[in-house]
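Structure first, commentary second.
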Amino acid sequence: MALPLNETIGFIGGGNMAYAIASGLLNKGVVKAEKIWVSATNLENLRNRWCPLGVTHVTTNNKEIVSKADVVFICVKPQIFLQIVGDIKFVAENDKNFHVKLFVSIMAGVTLDRLKENLPLVDSSKLVRAMPNTPMQVGVGCIVFCRSCSTDVIDALYENVKFMFGTLGLAYEVKENQIDAVTGLAGCGPAYVYEFIEALADGGVKQGIPRAMALQLAAQTVMGAAKTVLDTGKHPAVLKDEVCSPGGATIHGVHALEEGSMRGTVMNAVERATNRAKQLS
């Protein structure tokens, strides 16, 4: 597929996730900055954050996004979704080219049925639900997505969205009933990992390593371990055993983690985040 894509990409909501998607696409050369439109309530904040990316089409008018873009990412908080429905409906009723639009919702907990219920003027085949995470901005994100209906017809716009997701990291097309669990695991997961990196670095500082060096070492260690899992295909338990020599320093450290119930705590975090995503729906 030739790069960059020719589609105009719109974002309703210019927060962290929208920024991560856009900056990732720009870094990969998938779209050009002049093909991106973004809306939010504070124009000054939009300009300050997005203009350094080369994105100059910033507005407080959601209708502009819906009328200009081929693909519209809905990147607002779930609780304010209904506030933007009127803007989408207005354009749907007045734009003769509206039928070519593809809407991609990244709102946690907002089901495809809820999207269809609130956007009756949008062809259900043009509704996509996705759950990305913020490491997309550096090209190593996780994205799962599904659409509201299956079809054998080749939809070029949908295929291009799948391609865009694939350039941003690991992308899976899944069943909708899996998305809440992925939210708890991969959508929220970076926050868990950041806490671990911070704690790992703090441990190094306690032992006398300078703060800046400790953070670099901790982040590189996590990145290296993750890449080893992905590249070797080995189970993490096997890789852990390869590091733990009998009576050595590593097994003593692992014992301390077990005493702190690290694995159970992380599993509980995924479960609680998953349940919250379900509550939002």
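Each 5 Å bin from 0 upward holds the following percent of the Cα-Cα pairs of the stretch 33-121: 3, 13, 24, 25, 19, 11, 5, 0. Here's how it looks for Cys188: its modeled amide H is under 5 Å from none belonging to a residue 5 or more places away or on a different chain. The packing ranking, built from the mean of other Cβ atoms within 10 Å per residue, places the peptides 71-80, 175-184 in the order 71-80, 175-184, highest first.
In Å, the Kirkwood hydrodynamic radius of the stretch 199-238 over pairs of distinct alpha carbons? Walk me through the intermediate numbers first.
Working: mean 1/r = 0.0911 Å⁻¹.
Kirkwood radius, the stretch 199-238: 11.0 Å.
Two numbers describe the Cα atoms of the stretch 45-199: Rg and Dmax, which are 16.2, 55 Å.
Near Ala18: Cβ cut-off under 14 Å, other residues only, Lys/Arg at +1 and Asp/Glu at -1. The net charge is +2.
Note down the relative contact order for the chain as a percent, whole number, built from C-alpha pairs under 8 angstrom at least six residues apart. Before the final figure, lay out each step's value.
Numbers: 413 pairs, mean separation 44.3, N = 281.
Here the relative contact order equals 16 percent.
At q = 0.07, 0.15 Å⁻¹, work out log10 I(q)/I(0) for the chain with the Debye formula, treating every Cα as an identical point scatterer and leaving solvent out; two decimals please. Reported log10 I(q)/I(0), two decimals: -0.31, -1.16.
Using only the alpha carbons of the stretch 213-281, what is the convex hull's orientation-averaged projected area in square nanometres? Write out the running numbers ahead of the final one.
Working: hull surface 27.0 nm².
In nm², the orientation-averaged hull projection of the stretch 213-281 is 6.8.
Given 4 °C and 1.567 mPa s, how large is the Stokes-Einstein diffusion coefficient of the stretch 170-224 in µm²/s, with Rh as the Kirkwood radius over Cα pairs? D, rounded to a whole number, is 101 µm²/s.
Between Leu43 and Val174, the C-beta separation translates, for a Förster distance of 35 Å, into a calculated FRET efficiency of about 0.45.
Of the heavy-atom accessible surface of the stretch 1-158 (probe 1.4 angstrom), what whole percent is carbon and sulfur? Provide the component values of the computation, followed by the final result.
On the way: 3440 of 7090 Å².
The nonpolar share, carbon plus sulfur, comes to 49 percent.
Taken per residue, the accessible surface of the stretch 156-281 reaches 67 Å², heavy atoms only and a 1.4 Å probe.
Along its first, second and third principal axes, ordered by size, the stretch 118-188 spans 33, 23, 20 Å in Cα coordinates.
Within a Cβ distance under 12 Å of Ala218, other residues only, what is the Lys/Arg minus Asp/Glu net charge?
Working: positive: Arg211; negative: Glu195, Glu198, Asp202.
Taking every Cβ under 12 Å from that of Ala218, the sum is -2.
Close amide H pairs (under 5 Å, H built 1.01 Å from N) link Gly169 with Gly141, residues at least 5 positions away or on another chain. Subtracting the Cα-Cα distance of Val222 and Asn6 from their residue separation scaled by 0.36 nm leaves 74.1 nm.
Using a 1.4 Å probe on the protein chains only, how many percent of the accessible area of the stretch 218-267 belongs to carbon and sulfur?
Working: 2490 of 3790 Å².
Carbon-and-sulfur percentage of accessible area, whole number: 66.
Put simply, the convex hull of the Cα atoms in the stretch 137-244 casts, on average, a shadow of 9.2 nm². Grab the other residues whose beta carbon is less than 12 angstrom from that of Thr59, score K and R as +1, D and E as -1, and report the net. Net charge around Thr59: +1. Each label point was placed 7 Å from the Cα along the Cα-to-Cβ direction; for Thr265 and Ser281 their separation is 3.0 nm. The distance from the alpha carbon centre of the stretch 55-87 to that of the stretch 181-244 is 36 Å, rounded to a whole number.
Comparing Ile143, Ile88, Ile197 in a Gaussian network model of the chain where C-alpha atoms under 10 Å apart are linked, the largest mean-square fluctuation is found at Ile197.
Against the chain, whose longest principal axis comes from its Cα atoms, helix 262-280 is set at around 20 degrees.
Close amide H partners of Thr8, meaning residues 5 or more places away or on another chain with modelled amide H under 5 Å apart, are Asp70, Val71.
For each pair in Lys101/Lys234; Lys68/Lys227; Lys116/Lys234; Lys126/Lys278; Lys206/Lys240; Lys77/Lys240, compute the distance between the two Cα atoms and list the pairs where it is over 31 Å.
Violating the 31 Å Cα-Cα cut-off are Lys101/Lys234; Lys68/Lys227; Lys116/Lys234; Lys77/Lys240.
The values are calculated or read from the model by the stated rules, or taken from the named source; none is laboratory data. Because the structure is a prediction, the values reported are computed rather than measured. Neighbour counts run over all protein chains shown; Cβ positions are idealised from the backbone, glycine included. Ligands, DNA and RNA are stripped out before the accessible areas are found, and what is left, the full protein with its side chains, is counted by its heavy atoms. Shrake-Rupley method; radii C 1.70, N 1.55, O 1.52, S 1.80 Å.
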